[in-house]
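What follows is calculated from the coordinates using simple rules that are stated; it is not laboratory data. Just so you know, these numbers come straight off a predicted model, no measurement behind them. Glycine also receives a Cβ, built like all others from the backbone with ideal geometry; neighbour counts cover every protein chain displayed.
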Amino acid sequence: MPVTAKDDWLTNALSSLASKTDPAGDGPQVWLSGDSLHERLLGGPTKASDKPARWSFRACGHHPREWPKPAGAGAGWLPAVYELLRLWATVEFESDAEVDADLLTKEIESIAKAPGWSALRDALGRRAAVVAYRNATSAGTPVAPTAFVLSDPSINGGSVEKKSPSAYAKLVNEWAKPVPGDEPASVKALNKSLNDSFQVWTRSELTKQVAIVDLDVIIWFPKASHTAGAASRFALVELKRQTQSEAQARDWGPYVDDSPNYMLARAATRYQQRPQAGVVDVVVNYFRDQQPPYRCWVHLLSSVSLTEIVGVRHEVSGDTADACALGLLARIDELLGQPFTSRRTRK
């Protein structure tokens, strides 16, 4: 069983399905945070290091300047839409890992050119980047990384290069165009714990006017199973596992405290640049200790504000964990439908 960041029936079932998928096939491909894009996109483990690499996905967004804060708005005001700055795939090596710089460069180049990642990058207006680093700790606590090896489409056309974290942060902050004196009040308290060096970097180096959200799963549908002519489609998935009961999972609803996170995930779906590339953000909720039949619930959010979150809920079930995971992919495939872009005007 592939090692994932979480250990429960749904995450393990998704990882198991991912490990059986042909990287060159037409079927849906599951990319899990904590899993390995080397395996999924290159067909094998990293050869650049003597230890495994851990992948994570994160979206970074900032509200656009053309939606300024209205006069008299309170500290909890949220913009109508965030602007996606970057969707990052981060690859983390252990602090004591031996990493071959030349092989790492070749691997990142291969991942950046892989059909799946290329399709996602193009769908998001070339705002998807790969960043590799060695996790750094002090007394067991993550500290800022000392160097990045990255492929960012806005830097030398996406060629792989080594860059200091401070230099890259300066570029991201420039892209965000923060407004002087407009540091937002915290809508949701930040977690005190730090997961890795990249999170330390985002908190210490980036303007507080950007928000970062973790993406648990990205599902790539190279071709539609129920429509003709549709190109690549993607689902950005947040997994919410409940620990008390199936009833708690069944009746679950998103917290309005998390509204900025949901708006940021929605920003990625709004920044689609290819007419036939569909991107949807969904929340999947489930009970960690579920017994057969297995169930999970797909939440498609239609409206997000500080006071309410509106959406629709779909139940998916299966006699086995794998069957439920397959049903989940099929349901998300249906929700994605056949993407279109219209620019028609009446003359």
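Figures for the structure shown
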| read-out | value |
| --- | --- |
| Full-extension gain in nm, S154 to L171, via 0.36 nm per residue minus C-alpha separation | 5.2 nm |
| Under 9 Å, Cβ to Cβ, from A97 - net charge with Lys/Arg +1 and Asp/Glu -1 | -2 |
| Among 233-242, 138-147, the order from most to least packed when residues are scored by Cβ within 10 Å on average | 233-242, 138-147 |
| Gained length - L194 relative to K162, 0.36 nm times residue gap less alpha-carbon distance | 9.1 nm |
| Cβ crowding within 10 Å averaged over residues, with 329-335, 162-168 ranked highest first | 329-335, 162-168 |
| Gained length - R203 relative to S110, 0.36 nm times residue gap less alpha-carbon distance | 30.5 nm |
| Using a Förster distance of 41 Å, the FRET efficiency for A139-S305 (Cβ separation, nearest 0.05) | 0.45 |
| Theoretical FRET efficiency, 1/(1+(r/R0)^6), r = Cβ-Cβ of A71 and R344, R0 35 Å, to 0.05 | 0.50 |
| Projected label distance in nm at S19 and Q244, using a 7 Å step from Cα toward the beta-carbon | 3.4 nm |
